[in-house]
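Student: Quick one: the structure is below, and I'll ask about it shortly.
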Amino acid sequence: MSEIDRLVPSGLIEQWAMHLRRQRSRASDALWLIENGFSVHDGRNGIPTEDVTERHRHELETTVAEVGRLLAQYDAINLRGCPDPTE
């Protein structure tokens, strides 16, 4: 069976990329809060039962890293042929 080419509108791709950037930004903001003394607790009826800050920190760091890799791929594809602004 041959592979079917499907075109995805560029506007939809841009929306996905924007969503990824927002997700990375929110995760980075939450990491900043944790690094500055905030904690995350599981609880019941407003009573904390377990500190889950380290687990949540790990999830946020994973999100930032994975989204960063996806956006780097996106930028590499879309910025081909554009001059490098760091040069």
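The values are calculated or read from the model by the stated rules, or taken from the named source; none is laboratory data. Since the structure is predicted, the reported quantities are computational estimates derived from the model, not experimental observations. No Cβ is skipped: glycine too gets one built from the backbone with ideal geometry, and neighbour counts run over all protein chains shown. Side chains are part of the model used for accessible areas, which takes the heavy atoms of the whole protein and leaves out ligands, DNA and RNA. Shrake-Rupley method; radii C 1.70, N 1.55, O 1.52, S 1.80 Å.
Student: Select from region 43-87 the residues that are of a type in the set (D, E, K, R), out of contact with any strand residue (DSSP E or B) (no Cβ under 7 Å at 6 or more places or on another chain), modelled with pLDDT of 85 or more and open to solvent by 100 Å² or more (accessible area, probe 1.4 Å) and list them in ascending order.
Tutor: Matches in region 43-87: Glu54, Arg55, Arg69.
Student: So for region 25-37 (the condition being modelled with pLDDT of 85 or more, assigned to a loop (DSSP other than H, G, I, E, B) and either of a type in the set (Asp, Glu) or at negative phi (or both)), does at least one residue qualify?
Tutor: Yes, that holds for at least one residue.
Student: Then there's this: Condition first: part of a loop (DSSP other than H, G, I, E, B) and closer than 25 Å to Glu14 by Cα. Now tell me which residues in region 38-85 satisfy that.
Tutor: Of everything in region 38-85, those that are part of a loop (DSSP other than H, G, I, E, B) and closer than 25 Å to Glu14 by Cα turn out to be Leu79, Arg80, Gly81, Cys82, Pro83, Asp84, Pro85.
Student: Say whether the condition of being touching a strand residue (DSSP E or B) at 6+ places or on another chain (Cβ under 6 Å) and either of a type outside the set (S, T, N, Q) or closer than 17 Å to Ile77 by Cα (or both) is met by at least one residue in region 26-42.
Tutor: Yes: region 26-42 contains one or more residues that are touching a strand residue (DSSP E or B) at 6+ places or on another chain (Cβ under 6 Å) and either of a type outside the set (S, T, N, Q) or closer than 17 Å to Ile77 by Cα (or both).
Student: Within region 1-42, track down each residue that is small (Gly, Ala, Ser), without any contact (Cβ under 8 Å) to a residue 12 or more places away in the chain and either within 24 Å of Leu71 (Cβ to Cβ) or surrounded by 10 or more Cβ atoms within 10 Å (Cβ to Cβ) (or both).
Tutor: Within region 1-42, Ser10, Gly11, Ser25 qualify.
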